[in-house]
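Some notes on the structure that comes next.
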């Protein structure tokens with residue numbers, strides 16, 4: 001049995017993983033979810049604290065340390081999930097449509113440094129969409145999410161990442177020495193497949209594991225994502 005710690009991205013809500021949790025548990029594993037801080041001043045340290053606290057609370061409930069602990073980081077969580085590895089012994093880290101930081105880089109600088117805007121526009125043009133269109137939550141994120149799930153997400157009201165996350169340089173000198181995998185949606189309109197393949201190879205020296213779906217795989221294809229998370 002493995003305990004998977006499911007870390008949301010910029011939305012910051014544990015709800016993002018609510019369809020994946022029963023899939024993992026149905027496969028005989030444990031799943032830990034958490035809400036991230038929404039205080040605008042909450043930086044990398046506060047987000048790491050939230051993950052470590054969720055792991056500790058889970059271990060207390062089980063009266064012992066979690067066997068086979070694996071972090072699963074969605075999108076923006078790629079910036080702070082690796083920092084958890086310095087605080088808690090983990091057996092693996094799975095990035096899902098994630099941002100990969102470089103030493104000293106801020107999440108605010110990551111976009112220009114990696115060429116995300118150009119990659120997004122080029123992918124839109126290849127798909128016959130307007131490459132100059134402004135970001136739209138439904139078009140870019142929810143295009144392949146079932147309508148009922150989309151409406152549930154929208155009804156919850158606006159959410160978003162803490163502003164401080166984008167201003168703090170990534171503090172590690174190198175990626176932690178933890179087995180790392182990278183799962184990527186082939187139809188991610190925000191972080192296109194080829195863009196992510198290049199980032200994973202250049203920054204981590206690993207190949208991505210592609211699967212059908214867009215940026216919000218946990219909402220659009222929870223069963224398929226669970227199959228990849230725990231093969």
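Considered as a group, the residues in region 148-176 that are without any contact (Cβ under 8 Å) to a residue 24 or more places away in the chain and surrounded by fewer than 13 Cβ atoms within 10 Å (Cβ to Cβ) include one that is farthest from residue 38 (Cα to Cα), and that residue is 148.
Here the condition is being modelled with pLDDT of 95 or more, outside any helix (DSSP H, G or I) and crowded, with 22+ Cβ neighbours inside 10 Å; of 82, 101, it holds for 101 alone. Would you check if residue 31 is modelled with pLDDT of 95 or more, touching a strand residue (DSSP E or B) at 6+ places or on another chain (Cβ under 9 Å) and closer than 15 Å to residue 88 by Cα? No: the conditions fail for residue 31. Residue count for region 156-205 satisfying the condition of being touching a strand residue (DSSP E or B) at 6+ places or on another chain (Cβ under 6 Å) and part of a loop (DSSP other than H, G, I, E, B): 3.
Would you mind stating whether residue 133 is over 20 Å from the mean Cα position of the chain (by Cα) and outside any helix (DSSP H, G or I)? Yes: the conditions hold for residue 133.
So, residue 95, is that one closer than 26 Å to residue 3 by Cα and either in contact with a helix residue (DSSP H, G or I) (Cβ under 6 Å, 6 or more places away or on another chain) or part of a loop (DSSP other than H, G, I, E, B) (or both) or not? Lay out the reasoning, then the answer.
Details: closer than 26 Å to residue 3 by Cα: yes; either in contact with a helix residue (DSSP H, G or I) (Cβ under 6 Å, 6 or more places away or on another chain) or part of a loop (DSSP other than H, G, I, E, B) (or both): yes.
Spelling it out, residue 95 is indeed closer than 26 Å to residue 3 by Cα and either in contact with a helix residue (DSSP H, G or I) (Cβ under 6 Å, 6 or more places away or on another chain) or part of a loop (DSSP other than H, G, I, E, B) (or both).
Considering only region 166-186, I want to know if a residue exists there that is at pLDDT 95 or above and over 25 Å from residue 44 (Cα atoms). Taking every residue of region 166-186 in turn, at least one turns out to be at pLDDT 95 or above and over 25 Å from residue 44 (Cα atoms).
Working carefully through the options 81, 42, 10, find the one that is over 13 Å from the mean Cα position of the chain (by Cα), touching a residue at least 12 places away in the same chain (Cβ under 8 Å) and under 27 Å from residue 103 (Cβ atoms). Steps first, please.
Numbers: 81 fails: over 13 Å from the mean Cα position of the chain (by Cα); 10 fails: over 13 Å from the mean Cα position of the chain (by Cα).
Answer to the selection: 42.
The single residue among 71, 6, 24 that is over 25 Å from residue 205 (Cα atoms) and touching a strand residue (DSSP E or B) at 6+ places or on another chain (Cβ under 7 Å) turns out to be 24.
The values are calculated or read from the model by the stated rules, or taken from the named source; none is laboratory data. In this text the structure is predicted, and so the values were computed from the model without any measurement. Please note: Cβ atoms are built from the backbone with ideal geometry, for glycine as well, and neighbour counts cover all protein chains shown.
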